[in-house]
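Peer 1: Okay, here's the structure, questions in a sec.
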Amino acid sequence: MLWFSMSEFLSVFLCLRRRYSSDKRVDGQVVVITVVSAKKPHFNTLQLDLCSLQSVRHFAKELSQLESKVDILINNAGVMICPEWQTTDGFEMQFGTNHLEIQMSEFLSVFLCLRRRYSSDKRVDGQVVVITGGNSGIGKETAFQLTLRGAKVYIGCRDMRKGDMAVHDIQAMNPKADITALQLDLCSLQSVRHFAKELSQLESKVDILINNAGVMICPEWQTTDGFEMQFGTNHLGHFLLTLHLIPLMKSPTKARIINLSSVFHTIGEINFQNINLRNGAYNPYQAYANSKLCNVIFTKQLATRLQGTGITAYCLHPGVVKTQLFQHKLWAQFLIHLLFMSPEMGCQTTLYCALDDQLANESGFYYDNCRRVSPNRMVRRATDDSIGRQLWELSADLVALETRLNI
Ligand SMILES: NC(=O)c1ccc[n+]([C@@H]2O[C@H](COP(=O)([O-])OP(=O)(O)OC[C@H]3O[C@@H](n4cnc5c(N)ncnc54)[C@H](OP(=O)(O)O)[C@@H]3O)[C@@H](O)[C@H]2O)c1
């Protein structure tokens with residue numbers, strides 16, 4: 001902390017801070033800046049209290065009535081190192097104001113139709129696609145969309161009753177859908193191994209693997225194998241599954257692995273000393289963020305280790321989507337219906353990563369809103385190779401990865 005302040009002071013005193021010197025103009029562009037107090041008369045000010053979700057929603061609505069587009073959104077406002085205060089909605093003040101503010105851009109995106117759609121009509125006839133957690137939310141919609149494009153889809157579901165219902169629903173919407181549900185519980189390493197074996201008996205290749213399933217902000221639960229639930233399901237289960245399926249992906253044609261992460265990864269940390277957050281360290285939000293950071297780190301490692309094999313890896317934030325994921329949070333049940341995107345919009349970045357030809361020669365990156373996020377804009381621990389290697393080795397140990405499958 002002090003070291004950072006030092007470098008700031010030196011930068012300012014020694015004029016080391018850079019100034020953006022271009023004279024680029026943005027005439028007529030609509031810019032939204034969140035500020036703590038806007039006293040300058042040349043600002044058009046609108047009421048916005050980031051401590052109150054109601055105020056945020058009201059602001060977005062008011063803005064959408066004034067403007068039909070926003071060109072630049074600057075999430076600038078923030079509070080720092082305050083006492084233990086709470087927002088109007090009962091969140092810790094800095095988390096509620098500084099982080100939930102990120103949702104602002106989501107709200108605006110939805111209201112102002114800024115979320116992109118993957119518009120290509122690319123077909124994937126006969127390609128074998130595996131989607132974990134394909135019985136609901138984003139995974140189910142992804143499965144449906146890929147059957148429309150001719151794919152042969154397998155959805156991995158922990159509850160086969162829900163899996164069969166999803167197959168039934170998708171076939172009702174698309175009678176030609178080639179879709180099968182198979183039993184997969186990512187909380188159980190045995191189930192993951194069994195799923196991979198069953199699939200390899202049915203298919204000789206996998207073209208696209210979409211690691212979509214996830215749990216979020218659950219109580220302090222454990223997987224069958226004793227790992228913290230969100231780390232175990234969201235990361236370890238997918239780690240083991242991917243490594244079991246890679247031999248099926250090494251066919252002459254190219255294959256892709258897509259990992260669904262989240263913008264929450266930006267506040268994640270990898271606590272190598274206490275990876276399961278035991279002894280009072282468990283916090284459901286932090287555990288989710290950590291597991292989503294694992295997804296990003298895992299993707300980059302896959303890209304490095306799979307270079308030259310024809311298999312590429314991608315991870316993404318789908319947007320804030322109306323799904324079952326928020327079932328452990330009552331506050332979200334209310335917001336969901338008002339503000340979140342439909343699963344149909346929420347699967348667009350997954351489709352983009354799975355299908356887009358322009359991505360064929362890139363691997364290991366993070367995507368949002370059908371666009372690659374520059375590595376310079378990522379938090380450092382998400383792209384740090386030494387953390388990546390350490391996480392890989394730890395994960396391989398924890399799942400007792402078969403030596404022949406390690407890459
Ligand atoms: N929704 C959002 O706003 C949002 C934002 C950022 C990232 N994401 C990510 O998007 C992905 C999809 O989430 P969603 O929003 O579509 O949520 P969802 O509707 O709750 O879907 C999650 C799926 O994962 C399955 N699943 C959970 N635990 C499993 C396990 N142990 N084994 C096998 N399957 C399991 C669920 O099965 P059951 O039906 O049996 O529970 C469900 O099919 C997740 O990775 C999530 O982290 C979502």
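Peer 1: Please list the non-local residues whose amide H lies under 5 Å from the amide H of residue 179, H modeled 1.01 Å from N, same-chain partners needing a gap of 5 or more.
Peer 2: Those lying under 5 Å, H to H, from residue 179 are 153.
Peer 1: Something else now. Which one of 368, 27, 225 has the biggest mean-square fluctuation once the chain is modelled by GNM with Cα springs under 10 Å?
Peer 2: Maximum among the listed residues: 27.
Peer 1: Mind telling me which of 212, 361, 174 comes out most flexible in a GNM of the chain, alpha-carbon contacts under 10 Å?
Peer 2: Comparing 212, 361, 174 in the GNM, the peak value goes to 361.
Peer 1: Kindly give the semi-axes, whole Å and largest first, of the ellipsoid equivalent to segment 128-405, taking each as the square root of 5 times a Cα gyration tensor eigenvalue. Please list the in-between numbers first.
Peer 2: Values: eigenvalues 124, 100, 76 Å².
The answer is 25, 22, 20 Å, longest axis first.
Peer 1: Additional query: Residue farthest toward the positive end of the dipole of segment 249-308, with Cβ of Lys/Arg at +1 and Asp/Glu at -1: which of 308, 262, 282?
Peer 2: 308
Peer 1: If we sort 261-267, 396-402, 151-157 on the protection proxy, mean other Cβ atoms within 10 Å, highest first, what's the order?
Peer 2: The peptides rank, most packed first, as 151-157, 261-267, 396-402.
Peer 1: Please report the equivalent ellipsoid semi-axes of segment 366-407, computed as sqrt(5 x eigenvalue) of the Cα gyration tensor, largest first, in whole Å.
Peer 2: 28, 13, 8
Peer 1: Same structure, new question: Roll a 1.4 Å probe over the protein heavy atoms and report the accessible area of residue 85 in Å², nearest 10.
Peer 2: 130 Å²
Peer 1: Which whole-number percent gives the relative contact order of segment 116-260, counting Cα pairs below 8 Å spaced six or more residues apart?
Peer 2: With pairs under 8 Å counted, the relative contact order is 23 percent.
Peer 1: Okay, next question. Identify which of 359, 146, 241 has the largest mean-square fluctuation in a Gaussian network model of the chain, with springs joining Cα atoms closer than 10 Å.
Peer 2: With Cα springs under 10 Å in the chain, the top fluctuation among 359, 146, 241 is at 359.
Peer 1: Let me have the relative contact order for segment 128-405, percent, based on Cα pairs under 8 Å that are six or more residues apart.
Peer 2: Once divided by the residue count of segment 128-405, the mean separation gives 18 percent.
Peer 1: Please report, to one decimal in angstroms, the Kirkwood hydrodynamic radius of segment 200-341 built from all distinct Cα-Cα pairs.
Peer 2: About 16.2 Å for segment 200-341.
Peer 1: Find how much the distance from residue 190 to residue 92 grows on full extension, using 0.36 nm per residue of separation minus their present alpha carbon separation; answer in nm with one decimal.
Peer 2: Between residue 190 and residue 92, full extension yields 31.4 nm more.
Peer 1: In a shell of Cβ-Cβ distance under 10 Å around residue 32, excluding residue 32 itself, what net charge do Lys and Arg (+1) and Asp and Glu (-1) give? Mind dumping the intermediate values first?
Peer 2: Details: positive: none; negative: 67, 71.
Residues close to residue 32 contribute a combined charge of -2.
Peer 1: Taking the Cα centre of segment 128-405 as origin and charging only Cβ (+1 Lys, Arg; -1 Asp, Glu), how large is the dipole, in debye to the nearest 20?
Peer 2: Around 300 debye, computed over segment 128-405.
Peer 1: Determine the principal axes of the Cα atoms in segment 264-332, then give the extent along each, sorted from largest to smallest and rounded to whole angstroms.
Peer 2: Sorted from largest, the Cα extents of segment 264-332 read 46, 35, 16 Å.
Peer 1: Here's another thing I want to ask about it. Past 20 Å, Cα to Cα: identify those pairs from 122/197; 162/250; 197/250, in the order given. Can you show the working numbers first?
Peer 2: Details: 122/197 30 Å; 162/250 31 Å; 197/250 16 Å.
Going by Cα-Cα distance, 122/197; 162/250 fall outside the 20 Å limit.
The values are calculated or read from the model by the stated rules, or taken from the named source; none is laboratory data. The shown structure was predicted, so the numbers you read here are calculated from the model rather than taken from an experiment. All Cβ positions, even for glycine, are placed from backbone atoms using ideal geometry, and neighbour counts span all protein chains on display. Areas reflect the complete protein model, heavy atoms only, side chains present, ligands, DNA and RNA absent. Shrake-Rupley method; radii C 1.70, N 1.55, O 1.52, S 1.80 Å.
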